[in-house]
Structure formats: structure tokens, C-alpha cells
2 protein chains.
Amino acid sequence: MADAENPTEMIAEMGARARAAALVLVAMPSERKAAALVLASESIRAASAEIVAANAEDMTRAAEAGLSGALLDRLRLNEARVAAMADGVAAVAALADLVGQVIDASERPNGLKLSRVRVPIGVIGIIYESRPNVTADAAALCVMAGNAAILRGGSEAVKSNRAIHAALVAGLKAGGVPVDAVQLVPTTDRAAVGAMLKADGVIDLIIPRGGKSLVARVQAEARVPVLAHLDGINHVYVDASANPAMAAAVVVDAKMRRTGVCGSMETLLIDRDYADAPALIRRLAATGCEVRGDASARSLVPEIAAAAATDWDTEYLDAIASVAIVDGLDAAIAHIARHGSHHTDAIVTEDAAVAERFLTAVDSAIVLWNASTQFADGGEFGLGAEIGIATGRLHARGPVALEGLTTYKWIGRGTGQVRG
Amino acid sequence: MADAENPTEMIAEMGARARAAALVLVAMPSERKAAALVLASESIRAASAEIVAANAEDMTRAAEAGLSGALLDRLRLNEARVAAMADGVAAVAALADLVGQVIDASERPNGLKLSRVRVPIGVIGIIYESRPNVTADAAALCVMAGNAAILRGGSEAVKSNRAIHAALVAGLKAGGVPVDAVQLVPTTDRAAVGAMLKADGVIDLIIPRGGKSLVARVQAEARVPVLAHLDGINHVYVDASANPAMAAAVVVDAKMRRTGVCGSMETLLIDRDYADAPALIRRLAATGCEVRGDASARSLVPEIAAAAATDWDTEYLDAIASVAIVDGLDAAIAHIARHGSHHTDAIVTEDAAVAERFLTAVDSAIVLWNASTQFADGGEFGLGAEIGIATGRLHARGPVALEGLTTYKWIGRGTGQVRG
């Protein structure tokens, strides 16, 4: 039994059971994984009353602890939200399984038949806060990709997470998935997070889901590889040739559709030769966005506030935008290289050559031409679901879904070949 | 100018220049990169006398310092070895460039055209020992994949590395590649290695090439992602149904073709029902291999030595093998899961179902059926070259060549789409 008194031993022991479960999952056909997830979805739906009741206890405790309205809303579950969670698990069951896919194959001159085959990663640790739906979403994606998951949710959602986990695992078990395939860390002690981050060889990949301080801690301490993004300091660059109506629509959507998502625009860069800059800035401000401009922007639209040096490196996640007037494409690229966070950056232009230079030179996970940065989302990209967005350069970049939860192995089938 | 007095600043400054060079490389067409590498190859060939002379100084110093014969041989360059190095650079120039390759593409219902496009990783740090040819080999692969490289060779090869680097960069420069695309760390101070390992955001990937102590240090200290292998504790499992002649040929080749390579077999597992076990063990011993057996193996062949518990976790890199008699496939899989290093493991069997179970269940970068583990090599796999073999589960697994030195970005081309 896991011993919460010694987090390192507890994670090692959970990891060993997860590894054994992963060995069963790696050989499980797609249909069986999908069928088990459908049962898990139904099990969650059937447990809706218990889950909502458990959540009510978390909500009471959180309200007493003085959590803000936004955090309380993230924590809240009702019948509709539990139903959406169950739908999400069923939706993952409907995704095409990539495990076993042959990436490429060749026959060597000596007759050795070589192929690269997609396989699960193994044991994945998910460290998350607030939103209890991650318990179901993340576990479903891990299982469909053949991985075992070790989940560590936040203390504020402990009862909700336990209720969801119990329902999910009951369904999976009925479908033949080992119960150790999805384990919930039994303690919300912070030391358990530390033990997961250091569990090199036990956990193969950590995915943090939560606020900046959680992600920063994970990235700073982890010895296990991490897929995550810390910031979404995203830019829209409006080129001289941009269509003014399109520029306004894209900029307003990128900033204001939802200001709290990682794909929202934080900085607007406008080409000095773009004639409609004053109208664009005023249009953005008219939506209720606080606009902070550099000297050139303020000379065009004096009523906006002045941006401080720190504004260019700030992810507001709010109805605030910084605006700089730049000397053309190269200056925009240089600004993004200096201040961006390699998440999502967009250009608005009618000039295809300018667009292609931007798309090549801007080193971000997602680069867009004439589209809003708010499309940075696995669902919008057709991936069916996402477990997060990654801004690192290795393994998976941008929205991470089933493929990012797999790796490959080389398989060689011979007839006695020796190197000789 | 890089300041060796402050390694962190020095690496940051080299990294900034590397990043600027990478921005040029990312937009450079394949033909131009290839042409520059051909010029670099010719430049190395033309500088052969200077390189051999510089190497002679390193050799003298190394001999005085008492380096072993094997290490001296690794360090030694002569005209033939320099010619081979130049050939290697030219061979990389002939590889198919993957940068710009469209991995997949779709058109979303809203008309947004989405594609995943292969791009360089950015700035790659190579930390290596002894063999000065890595200076040319690794740099060529990095440049062909559009990356800038920061090379840190060992102190024993400092003059050789500088001579090779000077010739290489002169050729690249003549071909239009920025000189900062391949930089050699000017100091062999160990603190420079530490600074590279901690240069998160400056260096995107570290690849260590060298002995176990170097790789272990890199894996323990790095904050930057690492592609490497620490051990090659590789197994050959001989199933009951194995063809005896094939089993003997594969086992002898896997162990004895070259005992010092990471793909060599260290442990032989024999099914208890394999009738020819005594003959197989005697055949291996007859090649001059020291065989260390478990109790069952020694009861079959009493003249072999006894294996200690540590033998199953030891990479001999020598003419030594441990041998265990196991109770069939599942026991072999369990032994490899417990003692293996996720590098290369092979099965010899005439039973396809048994083989496929082994290939699925053994979680190694390379799994082979009826073939020698010594095929674990990028050249043998048709990759044209390799920068190393990786046993981690993320990004690239097994032999790492051009593809492993790239990542991808999502490119979306729209007509003004907003999320709304």
C-alpha cells in the first residue's frame, strides 16, 4: 500500500504498479481500450450524484478558505458539467488509436525488415489544480494511447477528484483495464509533487496543468521530461498590406474572445506603414481592452496608456494589450524572438511572400496567417482533445493529444542476420 | 568575444550568436546547405596536413599524460582518418533534407489550412571526448538539419578539434553558412560543460558523446533536454524453438563482433526448454568469451564461472557475457524489464507468435527478431549517419540522425478566420 509518509517510496511503489499496468495496456487492442473508456464514461455518468455531492464538500471548504470567484467557478461541478466530462471520455474512445501504427518501414540490403512502430510512452504523471475534470480528461487520453497515468490533483478538489477517479476506474476495470492504469496520488502533500518530479525512470513524462506558479515549479525541479507551456505571450503582427476589416476582426478576436486562455494575444505589433493603425488601436480599445502603447502608438492615439518595458514580457490573461509600432516584418520578427514565448503568433497581411517569411522565421509552436491566435487548441486543430499545449522544441509541440502521448520503437525482423 | 572567465556568460553569448545563425539556416534551401557541406568537406581534406600536425601535438601530450592505448587510438588522426572524416561530411551533404517536409495537413471546416512542417530544433550542444572526428560529424549533421551547433570537445583533443573546426567553418563560410553556425567552446574547463547543461532557453538540446561518466554527469545535471544512452545492457533471448545454428551465429556475433560497442550483447537468456543450451554456451565460450552463468547454466556447463547478482546489471563492453536459463518467454521479458537499459534486445525463435509477443512487450528503443544486436547503428538502419543512440522515450529513440535533429511547427493559413 502506498505510504504517504515517504513520498519517494510511495511514488516508486505507485510507479511500479503503473509500469505493470502499462505492460498490459501496450498489448491491448484499440477496440478493447475504447470499449473500456465507454464503460468509464457511463460509470462517471451513473455516479453523477455522488460526484456532485463530493464536489459540494470541496466547494464549501474552498469558499471558507476564501478562494476567488473565478477559482470557485473552475472547481464547481454540477450535473451538466459531469455529463460533459462523461461525454469527453466517450469522445476520446472514438479517437483513432495510433499505437501500432507503422511510421515507416524498409528492407535493408541484408534482408533485415525494419520498421518504426508507434508505441505508448509508458507511465505519465499529470499534476494539476482546480478543475476536477482533468482527472477524467487526462486519464482517458493516457489510457487510449496505452499509457498508465499517475494523477496528482490539487488539495482544493480532493473529494471531487476521488469521486471521479473511483467512477472512472470502476468503468475501466469492467472493461478489462487494470486498476493500476489510472492511479490518484492519495495525498495532496506538496512533497508528493516533488517526488513525482524526481521520479526519473519511474515516471516517463510529466504534464502539468494549472497556473503559472505550478508550471514554473515543475519546469524548475523536474528530472523527468516535461511537456508544458509556461507563458502564452502571443503576438499579432499587422503588416502594411493587411486588409483593415480583417485586421480588426482578427485582433479583436485574438485579444477579447476569451482573455484568460493561453492562446490570447498579449501584444499587437503594427507595421509603421499600415495606414489604418489609429483606427485599429481605437477599435481594440472600444471593446473594453486597456491598450498600452509605445511612443509611436501613443503619438497616433494619444489617449492610450504608456507601455512600460515590462509590458512586452507580460502575459496579461486579461483585457489588456500592449501595442508597438514596428519598422516592418524584420522588426516584428525580432520583437517576437526577443519577447515571445514560442506559443502562438500570427500575421495579418495580403502579401503571401511576407506571410511565408513570417511563418518560417517566427520560431513558435503555432504560427498563423490571417487567423486569430485563439485557434491554439487541440479541438480546433482537429485532434479531438488535448492534454495541454507545449512550447518546448522536443517531442510534441503545440496542442498535445494522442500522438504526443506516444513514442516509437524500432522493430527489426530478420532471418538470422549477423553484422559479421 | 566569449569570456572563458565566466562560463555562464560565455555560453549565453555564444548561444545568442548561435541563435542568430540558426535564423539564417532555417531559411536556407537544402541545396545551399549541402553545397556548403561539400565545401567544408573539401576544406577539411585540404587542411589534412595541419590537422594531422595538430593531432600529433595532442598525441604527444596524451602519451605523456599516460593515456591508455585504446584512448590513444581513439584520439589518433592520420591522413586516412582525416580523409574518412571529410568523406563523412560529404556523405551528410548527400542525405535528404527533411526541413520543410509537411508531416500532415488538413483543412478545417472553417477553411483554415493547417499543416505540421518539419523545422530545425535550433541550437544544439554537443559534449564529447577523445574522438576528434565528432567535431566534423556532429557539426555536419546539425547544419544539414538547419541547426546551429555549440561543440565542446575534450581537453585531450583540443588542438585537433581546433584545427578541424577551423577547416570546417572556413568551408561552410565559403558556402554562405554563418560562421556562428558551428562554434567550438574555446576553453576545456569543466565549468563550461556545467554552463551548457544549465543553459535552458539558450541551448535547445544537448547530445553527449563519450564514456559513461560523461553521459552520467550530463544526465544528472542537465536542465536542457538530453538525447543519449547511458548503458547498452542488451540481451539475446534464445527461445525453445530457435534454430541452433542461427542461435549460435547471432549470439556469437552479438557478443564478439565488437565487444566495445553499445550494441553488443551483455546477457544471454536461454529458454529452459531449448535443447541445445549446453552447446550454445560452449560455442560462445570457445570464441574466447568469459561466460558467467546462473546456477542452471552452470549445471548444464559446469566449467563456466558463476555470475554474481551485479552481473545482470553490468555493461561489460568486453569479451564477457552473463548467461541465465529462464522459464520461457515471460520470464525473459521480465528479466529484460528488470535489468535492461532500453537499448537493443533480440529474440531468436522460429515461432512467429512468440517473436511478436517479445517485440511488443520488450520496451527498448530497438527490438530484433533473429538478428544480431550489433545492428544497432544509424548506418545499418539506412539513416546515412548517426549523432548517437537514444534510450529515452521522448522525441527520438534508437539511432538519432537528421530527423531526430528536427522538430515541427504548426502552420495555419487562413482568410481572416476568427474563433468568435
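What follows draws every value from the coordinates through simple rules; no lab data is involved. Everything numeric in this text was worked out from a predicted model, so none of it was measured. Don't worry about glycine lacking a Cβ; one is built from the backbone with ideal geometry, like all the others, and counts go over all protein chains shown.
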Requested in this report: Identify all residues within segment A:83-93 that are touching a residue at least 60 places away in the same chain (Cβ under 8 Å) and under 10 Å from A:Ala136 (Cβ atoms); write none if there are none.
Outcome: A:Met85, A:Gly88, A:Val89, A:Val92
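Quick check on this structure: which one of A:Arg61, A:Arg74, A:Arg108 is of a type outside the set (A, V, I, L, M) and within 27 Å of A:Ala181 (Cα to Cα)? Walk me through it before giving the result.
On the way: A:Arg61 fails: within 27 Å of A:Ala181 (Cα to Cα); A:Arg108 fails: within 27 Å of A:Ala181 (Cα to Cα).
Exactly one of A:Arg61, A:Arg74, A:Arg108 is of a type outside the set (A, V, I, L, M) and within 27 Å of A:Ala181 (Cα to Cα), namely A:Arg74.
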Report task. Identify, by number, the condition in (1) closer than 30 Å to B:Ala275 by Cβ; (2) more than 8 Å from chain A (Cβ to nearest Cβ); (3) in contact (Cβ under 8 Å) with a residue 12 or more places away in the chain; (4) not acidic (Asp, Glu) that B:Leu402 doesn't meet. Result -> (1)
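In this structure, is A:Pro225 at negative phi and away from chain B (no Cβ under 11 Å)?
Values: at negative phi: yes; away from chain B (no Cβ under 11 Å): no.
For A:Pro225, the condition - at negative phi and away from chain B (no Cβ under 11 Å) - is not met.
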Report summary line: Those residues of segment B:21-60 that are touching a helix residue (DSSP H, G or I) at 6+ places or on another chain (Cβ under 7 Å) and closer than 15 Å to B:Gly125 by Cα come to a total of 1
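Quick one: which of B:Ala371, B:Ala352, B:Ala365, B:Ala337 is in contact (Cβ under 8 Å) with a residue 24 or more places away in the chain and within 18 Å of A:Thr415 (Cβ to Cβ)? I'd like the intermediate steps shown before the answer.
On the way: B:Ala352 fails: in contact (Cβ under 8 Å) with a residue 24 or more places away in the chain; B:Ala365 fails: within 18 Å of A:Thr415 (Cβ to Cβ); B:Ala337 fails: within 18 Å of A:Thr415 (Cβ to Cβ).
Just a single option satisfies the conditions, and that option is B:Ala371.
Only one of these is of a type in the set (Gly, Ala, Ser) and either within 30 Å of B:Glu57 (Cα to Cα) or out of contact with any strand residue (DSSP E or B) (no Cβ under 6 Å at 6 or more places or on another chain) (or both): B:Ala216, B:Ala242. Name it. Spell out how you get there, then give the answer.
On the way: B:Ala242 fails: either within 30 Å of B:Glu57 (Cα to Cα) or out of contact with any strand residue (DSSP E or B) (no Cβ under 6 Å at 6 or more places or on another chain) (or both).
After ruling out the rest, the residue left standing is B:Ala216.
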Query raised in the report: Checking B:Ser296 against (1) more than 29 Å from the chain's Cα centre (by Cα); (2) of a type in the set (Ser, Thr, Tyr); (3) assigned to a loop (DSSP other than H, G, I, E, B), which test does it fail?
Result: (3)
Report summary line: Checked against (1) within 29 Å of B:Arg116 (Cβ to Cβ); (2) out of contact with any helix residue (DSSP H, G or I) (no Cβ under 8 Å at 6 or more places or on another chain), B:Ala353 satisfies every condition except (1)
Report task. Can you confirm whether segment A:52-68 contains a residue that is under 23 Å from the mean Cα position of the chain (by Cα), surrounded by 15 or more Cβ atoms within 10 Å (Cβ to Cβ) and part of a helix (DSSP H, G or I)? Result -> no
Requested in this report: Among the residues of segment A:123-143, count how many are outside any loop (DSSP other than H, G, I, E, B), buried (at least 24 other Cβ atoms within 10 Å of the Cβ) and not hydrophobic (A, V, I, L, M, F, W, C).
Outcome: 2
Query - Residues within segment B:335-366 that are more than 18 Å from B:Leu230 (Cα to Cα) and either among the acidic types (Asp, Glu) or within 7 Å of another protein chain (Cβ to nearest Cβ) (or both), tallied - result: 6
Report task. Using the structure shown, decide if A:His229 is over 30 Å from A:Ala27 (Cα atoms) and assigned to a loop (DSSP other than H, G, I, E, B). Result -> yes
Query raised in the report: Pick from B:Ala181, B:Ala240, B:Ala248, B:Ala277: which is within 13 Å of another protein chain (Cβ to nearest Cβ) and either buried (at least 24 other Cβ atoms within 10 Å of the Cβ) or farther than 30 Å from B:Ala40 by Cα (or both)?
Result: B:Ala248
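Looking only at segment B:83-95, decide whether some residue is outside any helix (DSSP H, G or I) and closer than 23 Å to B:Pro178 by Cβ. Don't jump to the end; show me each part of the working.
If we filter segment B:83-95 for residues that are outside any helix (DSSP H, G or I), which is where we start, we get B:94-95.
Checking which are closer than 23 Å to B:Pro178 by Cβ leaves us with B:94-95.
So far as segment B:83-95 goes, yes, one or more of its residues are outside any helix (DSSP H, G or I) and closer than 23 Å to B:Pro178 by Cβ.
Quick grid of which residues meet (1) surrounded by fewer than 16 Cβ atoms within 10 Å (Cβ to Cβ); (2) of a type in the set (D, E, K, R):
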| residue | (1), (2) |
| --- | --- |
| B:Gly171 | no, no |
| B:Val185 | no, no |
| B:Ala192 | no, no |
| B:Met196 | no, no |
| B:Ala199 | no, no |
| B:Asp204 | no, yes |
| B:Pro208 | no, no |
| B:Ser213 | yes, no |
| B:Val218 | no, no |
Query raised in the report: Can you spot a residue in segment A:154-170 that is within 28 Å of B:His395 (Cβ to Cβ), charged (D, E, K, R) and either in contact with an Asp or Glu (Cβ under 7 Å, 6 or more places away or on another chain) or assigned to a helix (DSSP H, G or I) (or both)?
Result: no
Query - Selection from segment A:280-329 of residues that are under 22 Å from A:Gly263 (Cβ atoms), among the charged types (D, E, K, R) and either without any contact (Cβ under 8 Å) to a residue 12 or more places away in the chain or buried (at least 21 other Cβ atoms within 10 Å of the Cβ) (or both) - result: A:Arg292, A:Asp311
**Report entry** Where A:Trp369 falls short, out of the listed (1) closer than 18 Å to B:Ser106 by Cα; (2) facing another protein chain (nearest Cβ under 7 Å); (3) part of a loop (DSSP other than H, G, I, E, B)
**Finding:** (3)
Query raised in the report: What about A:Ala34, is it over 30 Å from B:His342 (Cβ atoms), surrounded by 14 or more Cβ atoms within 10 Å (Cβ to Cβ) and away from every other protein chain (no Cβ under 14 Å)?
Result: no
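Tell me, yes or no, whether segment A:303-320 has at least one residue that is away from every other protein chain (no Cβ under 14 Å), aromatic (Phe, Trp, Tyr), within 27 Å of the chain's Cα centre (by Cα) and part of a loop (DSSP other than H, G, I, E, B). Give the derivation first.
Going through segment A:303-320, the residues away from every other protein chain (no Cβ under 14 Å) turn out to be A:303-312, A:314-320.
Then drop every residue that is not aromatic (Phe, Trp, Tyr), which leaves A:312, A:316.
Narrowing further to those that are within 27 Å of the chain's Cα centre (by Cα): A:312, A:316.
After this cut, where a residue has to be part of a loop (DSSP other than H, G, I, E, B) as well, the list is A:316.
Yes, segment A:303-320 has at least one match.
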Query raised in the report: Since B:Glu350 meets every condition but one in (1) under 22 Å from B:Ser241 (Cβ atoms); (2) touching a Cys at 6+ places or on another chain (Cβ under 9 Å), which condition does it not meet?
Result: (2)
Report task. Tell me, please, whether a residue that is crowded, with 24+ Cβ neighbours inside 10 Å and more than 19 Å from the chain's Cα centre (by Cα) can be found in segment A:105-113. Result -> no
**Report entry** Restricting segment B:330-361 to residues that are of a type in the set (D, E, K, R) and under 17 Å from B:Met265 (Cα atoms), the residue that is surrounded by the most Cβ atoms within 10 Å (Cβ to Cβ)
**Finding:** B:Asp345
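Let me confirm something: among A:Ala145, A:Ala192, which residue is among the small types (Gly, Ala, Ser), under 24 Å from A:Val224 (Cβ atoms) and within 14 Å of chain B (Cβ to nearest Cβ)? Working first, answer last.
Numbers: A:Ala192 fails: within 14 Å of chain B (Cβ to nearest Cβ).
After ruling out the rest, the residue left standing is A:Ala145.
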